[in-house]
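The values are calculated or read from the model by the stated rules, or taken from the named source; none is laboratory data. Remember, it's a predicted structure, so these values are computed and weren't measured experimentally. A quick note on method: Cβ atoms are made from the backbone with ideal geometry, for glycine too, and the neighbour counts reach across all protein chains shown.
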Amino acid sequence: MVTIKASYTVLPNEPTPEGLLWLSDIDQVARLRHTPTIYIFHAKHNHDTLIERMRNSLSKILVHYYPIAGRLRRIEGSGRLELDCNAKGVVLLEAESTKTLDDYGDFLRESIKDLVPTVDYTSPIEELPSLLVQVTTFHGGKSFAIGVALCHILCDGVGAIQFINSWAKLARGDTLEPHEMPFLDRTVLKFPHPLSPPRFDHLEFKPLPLILGRSDNTVEKNKKVDATLLKLTPEQVGKLKKKANDDSTKEGSRPYSRFEAIAAHIWRCASKARELDKNQPTLVRFNADIRNRLIPPLPKNYFGNALSLTTASCHVGDVISNSLSYAAQKIREAIEVVTYEYIWSQIDVIRGQEQLDNARALFFGQNEGKDALFYGNPNLLITSWMSMPMHEADFGWGKPVYLGLGSVSTQDRALIIQSPDGDGSIILSIHFQMEHMQLFKKYFYEDM
């Protein structure tokens with residue numbers, strides 16, 4: 001059981017710029033929800049010192065990341081949002097758990113929700129804090145958790161990690177170097193309007209495939225989902241890359257990357273475990289970082305959303321009957337299609353009130369009810385945090401021993417992250433339909 005002992009409103013500890021911050025078209029289609037993440041630290045600590053350090057350092061980092069201390073608001077007569085930099089602050093919760101660290105197991109069950117702040121979405125958007133943090137000490141005083149809920153409209157995962165790591169640096173007593181300061185002007189993402197040709201066939205705006213013979217996904221939505229952590233050693237990662245590249249028929253092309261090989265392997269294992277008809281359409285969706293795909297590239301440390309949703313698709317029979325390189329090539333094609341022109345075209349499609357609402361639903365499933373976007377069987381949503389320096393978040397008690405999403409998915413979703421061991425191994429955190437999970441795990445290790 002987790003008990004909230006105190007709640008603090010943390011303000012920037014110096015005056016910060018005021019005014020309205022323009023939000024890009026990519027920001028506009030981000031989820032109107034807070035992304036929950038959990039950091040677990042195994043270290044003896046003094047409770048009062050822990051809370052005081054977190055509060056003080058948070059007030060310092062908000063000076064540099066002052067938009068986070070502001071509030072979102074709707075632009076009258078439009079579906080767009082803007083950010084009021086009014087320094088109303090963020091929320092820090094002080095909590096205690098009656099459980100030990102070991103009681104939480106692999107941090108994939110419902111109990112982890114108690115370690116992340118709860119956001120009251122019945123409140124007007126103008127009153128919602130963009131950031132809520134919960135510091136929970138576990139029974140015994142030898143470990144604690146930092147649960148972060150950061151509004152996705154403000155930034156993507158890259159920006160969130162940039163913020164967390166900078167906050168941790170200040171908590172350790174260090175200072176930020178000039179090159180570590182966030183770039184906050186989002187007008188660098190203003191695209192010309194309207195778009196001239198060429199236009200593209202945007203798969204990300206099309207309905208997701210259903211199980212053959214079905215008119216909706218109600219049956220799949222109601223199935224139980226299990227969760228597990230699967231580890232890939234550096235040798236196994238190398239083995240998957242070698243397998244993808246040895247089987248490749250694309251002569252002269254660059255070798256498949258870690259992500260391409262691992263994502264292809266996950267897709268193949270999921271397709272085999274589900275035992276679907278070979279003619280069943282299936283797709284994988286994931287985000288591509290566009291910071292270096294734009295012309296010119298975004299400034300270093302750009303703080304905002306800079307992702308493009310992309311899709312790899314084919315038939316189950318093709319994924320299963322062909323070698324790993326086939327699926328890896330499909331993943332690569334989905335990555336390579338995301339050019340500057342493609343991003344521009346994608347942005348142009350979502351402009352306007354009706355298109356904006358549709359894009360929000362298509363990209364992130366904004367509706368929480370029956371119409372929410374469902375990425376489960378026969379499809380898959382993959383998120384990769386492999387290249388992010390997530391384990392650098394040392395607040396003064398060492399690096400985290402675990403980190404991950406602070407929510408339990410109700411559909412098939414895979415999260416690929418670096419292992420905290422620092423040896424190059426990879427952790428796959430996967431939520432998958434319970435009836436197929438055992439087969440998925442079997443194929444995951446046998447089919448390397």
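Among the residues of segment 17-49, write down those that are within 15 Å of residue 95 (Cβ to Cβ) and within 27 Å of the chain's Cα centre (by Cα). Give the steps one after another, and end with the answer.
Here is the first cut: in segment 17-49, the residues within 15 Å of residue 95 (Cβ to Cβ) are 36, 38-41, 45, 47-48.
36, 38, 39, 40, 41, listed by residue number.
When you scan segment 407-414, do you find a residue that is more than 16 Å from the chain's Cα centre (by Cα), among the hydroxyl-bearing types (Ser, Thr, Tyr) and at pLDDT below 95, even just one?
Of all residues in segment 407-414, those more than 16 Å from the chain's Cα centre (by Cα) come to none.
Checked against the condition, which is being more than 16 Å from the chain's Cα centre (by Cα), among the hydroxyl-bearing types (Ser, Thr, Tyr) and at pLDDT below 95, segment 407-414 yields no hits at all.
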Residue satisfying all of: in segment 408-448; of a type in the set (S, T, N, Q) and surrounded by fewer than 18 Cβ atoms within 10 Å (Cβ to Cβ); nearest to residue 376 (Cα to Cα) among these: 410
Flag for residue 432 being in contact with a helix residue (DSSP H, G or I) (Cβ under 9 Å, 6 or more places away or on another chain), under 25 Å from residue 307 (Cα atoms) and either among the β-branched types (Val, Ile, Thr) or part of a strand (DSSP E or B) (or both): yes
Residue count, segment 35-62 (criterion: crowded, with 19+ Cβ neighbours inside 10 Å and touching a Ser or Thr at 6+ places or on another chain (Cβ under 8 Å)): 6
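Using the structure shown, decide if residue 97 is crowded, with 21+ Cβ neighbours inside 10 Å, within 25 Å of the chain's Cα centre (by Cα) and not basic (Lys, Arg).
On the way: crowded, with 21+ Cβ neighbours inside 10 Å: yes; within 25 Å of the chain's Cα centre (by Cα): no; not basic (Lys, Arg): yes.
Answer is no for this residue.
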Of residues in segment 395-407 being aliphatic (A, V, I, L, M) and either crowded, with 18+ Cβ neighbours inside 10 Å or in contact with a Lys or Arg (Cβ under 8 Å, 6 or more places away or on another chain) (or both), the one nearest to residue 268 (Cα to Cα): 405
Residue count, segment 7-53 (criterion: hydrophobic (A, V, I, L, M, F, W, C) and under 25 Å from residue 169 (Cβ atoms)): 9
Check on residue 253, assigned to a loop (DSSP other than H, G, I, E, B), hydroxyl-bearing (Ser, Thr, Tyr) and in the same structural domain as residue 311 (by TED's automatic domain parsing): yes
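Give the residue, chosen from 295, 290, that is in the same structural domain as residue 225 (by TED's automatic domain parsing) and touching a Phe, Trp or Tyr at 6+ places or on another chain (Cβ under 8 Å). Talk me through it step by step, then tell me what you get.
Numbers: 290 fails: touching a Phe, Trp or Tyr at 6+ places or on another chain (Cβ under 8 Å).
It is 295.
Out of curiosity, is residue 385 within 16 Å of the chain's Cα centre (by Cα), at pLDDT 60 or above and surrounded by fewer than 22 Cβ atoms within 10 Å (Cβ to Cβ)?
Details: within 16 Å of the chain's Cα centre (by Cα): yes; at pLDDT 60 or above: yes; surrounded by fewer than 22 Cβ atoms within 10 Å (Cβ to Cβ): yes.
The answer is yes for residue 385.
State the number of residues belonging to segment 100-113 that are buried (at least 17 other Cβ atoms within 10 Å of the Cβ) and out of contact with any Lys or Arg (no Cβ under 9 Å at 6 or more places or on another chain). Steps first, please.
Taking segment 100-113 and keeping what is buried (at least 17 other Cβ atoms within 10 Å of the Cβ), we get 101, 104, 107-108, 112.
Applying the additional criterion that residues be out of contact with any Lys or Arg (no Cβ under 9 Å at 6 or more places or on another chain) yields 104, 107-108, 112.
Qualifying residue count, segment 100-113: 4.
Look at residue 305 and say whether it is touching a Ser or Thr at 6+ places or on another chain (Cβ under 9 Å), among the polar types (S, T, N, Q) and outside any loop (DSSP other than H, G, I, E, B).
On the way: touching a Ser or Thr at 6+ places or on another chain (Cβ under 9 Å): yes; among the polar types (S, T, N, Q): yes; outside any loop (DSSP other than H, G, I, E, B): no.
No, not satisfied.
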Failed condition for residue 285, given (1) basic (Lys, Arg); (2) closer than 25 Å to residue 344 by Cβ; (3) part of a loop (DSSP other than H, G, I, E, B): (3)
Enumeration of residues in segment 314-342 that are within 21 Å of the chain's Cα centre (by Cα) and either surrounded by 21 or more Cβ atoms within 10 Å (Cβ to Cβ) or under 20 Å from residue 444 (Cα atoms) (or both): 331, 332, 334
Pair list, Cβ under 8 Å, 6 or more apart: segment 134-148 residue closer than 17 Å to residue 390 by Cβ, other residue of a type in the set (Val, Ile, Thr) and outside any strand (DSSP E or B): 147/116; 148/116; 148/164
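Against the definition (assigned by TED's automatic domain parsing to the domain that holds residue 156 and at pLDDT 95 or above), how does residue 173 come out, yes or no? Steps first, answer last, please.
On the way: assigned by TED's automatic domain parsing to the domain that holds residue 156: yes; at pLDDT 95 or above: yes.
Taking the combined requirement at face value, the residue satisfies it.
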Residue satisfying all of: in segment 220-250; part of a loop (DSSP other than H, G, I, E, B) and touching a strand residue (DSSP E or B) at 6+ places or on another chain (Cβ under 9 Å); farthest from residue 421 (Cα to Cα) among these: 223
Selection status of residue 71, assigned by TED's automatic domain parsing to the domain that holds residue 153 and within 17 Å of residue 131 (Cβ to Cβ): yes
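If we only count strands (runs of 3 or more DSSP E) wholly inside segment 54-157, which ones have 1 or more residues that are within 29 Å of residue 174 (Cβ to Cβ)?
On the way: elements: 71-74, 81-85, 90-97, 131-137, 143-151.
Per the criteria, 81-85, 90-97, 131-137, 143-151.
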Subset of segment 125-142 (residues that are at pLDDT 95 or above and not hydrophobic (A, V, I, L, M, F, W, C)): 126, 127, 129, 130, 134, 136, 137
